[in-house]
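Report on one structure; see the data block that follows.
The values are calculated or read from the model by the stated rules, or taken from the named source; none is laboratory data. These figures come from a predicted structure and were not determined experimentally. As a convention, Cβ positions derive from the backbone with ideal geometry for all residues, glycine included, and neighbour counts pool all protein chains shown. Surface accessibility is based on the protein's heavy atoms, side chains included, excluding ligands, DNA and RNA. Shrake-Rupley method; radii C 1.70, N 1.55, O 1.52, S 1.80 Å.
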Amino acid sequence: MEAQLQELKTQALDQIAAASTVKELNDVRVAYLGKKGPITDLLKGMGKLPAEERPKMGALVNVVREEVTTQLEGRMAILEEEAINMKLQSETIDITLPGRPVKTGNSHPLTRVVEEIEDLFISMGYEVAEGPEVEKDYYNFEALNLPKGHPARDMQDSFYITEDILLRTHTSPVQARTMEAKGGEPIKIICPGKVYRRDSDDATHSHQFTQIEGLVIGEDIRMSDLKGTLSVFAKKMFGDDREIRLRPSFFPFTEPSVEMDISCFKCGGSGCNVCKKTGWIEILGAGMVHPNVLEMAGYDSKRLTGFAFGMGPERIAMLKYGVEDIRHFYTNDVRFLSQFQRTEL
């Protein structure tokens, strides 16, 4: 029996050494140490031996079993490590390859223009002021020198909710509210936001659009200050070689009032389809704050003066990016918006 045990040991160790995969090694383990394996059979047959031989043979079988188990565990560790290394090698990622681009969101062209204008005026010392889009008739009209029945109200067809509540037709109510809150103190603000008018939607009109207005109030504020401010704005938005001109106009809340044109950025003033052969492009309206507006807000119009201006980011974006239809800004057509994708260098 001892010779038989030594022979089983030799066979088992040889097969363990020859096993090249984890599966083959498991087969060897089951063949020799399993419930039906020869070493287990020897242990079961111990009862047939004489009593005096049982301790010696039992110890010998246990030694052989432990040695086979130790060799199995050692070989298993080696094969498992080899399997892991082979898997890692087969799944190696070439880190020198460029990564796949990930599509990310992008600023809407209107948002980009508004932020560009805000950044410019903030750098000039202005604050950004905001107000409600559902507004009182008083702040939308009356506080801006447009009393009930004033014919200039017809220029701004309005969405009325009640007789005294409407969707604001411009961001000027923010100026009126700010003046009222400041109580006669100097002001330097811009007011961006959405406004609403009963316009028929077409290539250049929309019932909802964006507006940015500015207001400066203080001592010795002159028309020359307004012109210098607008000149800086025009050069920043449309190029350093832009010139501006101011034409007389009428707005109930400013006196005198002007329209500002810039020299055409496409033809340089010689005349083209963009400027309609005039060499100039109308951009915004402006003027010196009307004394009545100052007085209604609690300002001393003899001591303090101010200027105001208002512009439409849609018009600026259309000119800046060559967009021919204002409705493109609102339809969320990815084909249109993807043209404004920023490229990171």
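Side notes on the structure shown:
- Only one entry in K320, K302 is within 39 Å of the chain's Cα centre (by Cα) and over 16 Å from I189 (Cα atoms), namely K320.
- In region 241-253, residue farthest from M155 (Cα to Cα) [restricted to those that are in a loop (DSSP other than H, G, I, E, B), open to solvent by 20 Å² or more (accessible area, probe 1.4 Å) and at pLDDT 90 or above]: E243
- If the condition is being open to solvent by 70 Å² or more (accessible area, probe 1.4 Å) and assigned to a helix (DSSP H, G or I), then region 1-16 contributes E2, A3, Q4, Q6, E7, T10, Q11, D14, Q15.
- Checked against (1) surrounded by fewer than 16 Cβ atoms within 10 Å (Cβ to Cβ); (2) in a loop (DSSP other than H, G, I, E, B), K194 passes all but condition (2).
- Those residues of region 112-131 which are open to solvent by less than 60 Å² (accessible area, probe 1.4 Å) and not aliphatic (A, V, I, L, M), in sequence order: R112, E116, E118, F121, G125, Y126, G131
- Within region 290-307, being among the small types (G, A, S) and part of a loop (DSSP other than H, G, I, E, B) holds for A297, G298, S301.
- Residues that are open to solvent by less than 90 Å² (accessible area, probe 1.4 Å), out of contact with any helix residue (DSSP H, G or I) (no Cβ under 8 Å at 6 or more places or on another chain) and not polar (S, T, N, Q), drawn from region 56-81: A59, V63, G74, A77, I78
- Residues in region 292-307 that are under 16 Å from A176 (Cβ atoms), open to solvent by 10 Å² or more (accessible area, probe 1.4 Å) and not charged (D, E, K, R): N292, M296, A297, G298, S301.
- Among the residues making up region 132-186, those that are basic (K, R) and surrounded by fewer than 20 Cβ atoms within 10 Å (Cβ to Cβ) are K136, K148, R153, K182.
- Qualifying residue in region 219-239 (condition: assigned to a strand (DSSP E or B) and basic (K, R)): no
- Apart from one condition, Y196 fits all of (1) touching a helix residue (DSSP H, G or I) at 6+ places or on another chain (Cβ under 9 Å); (2) in contact (Cβ under 8 Å) with a residue 40 or more places away in the chain; (3) of a type in the set (F, W, Y); the exception is (1).
- Here R168 meets each of (1) within 19 Å of F309 (Cα to Cα); (2) of a type in the set (K, R); (3) outside the structural domain of T210 (by TED's automatic domain parsing) with one exception, condition (3).
- Single residue of G287, G271, G310 found to be part of a loop (DSSP other than H, G, I, E, B), in the same structural domain as E213 (by TED's automatic domain parsing) and in contact with a Ser or Thr (Cβ under 8 Å, 6 or more places away or on another chain): G271
- Pair list, Cβ under 6 Å, 6 or more apart: region 240-261 residue touching a residue at least 40 places away in the same chain (Cβ under 8 Å), other residue outside any strand (DSSP E or B) and not small (G, A, S): P252/N145; P252/L146; F253/L144; F253/N145; F253/H290; F253/V293; T254/H290; M260/L230
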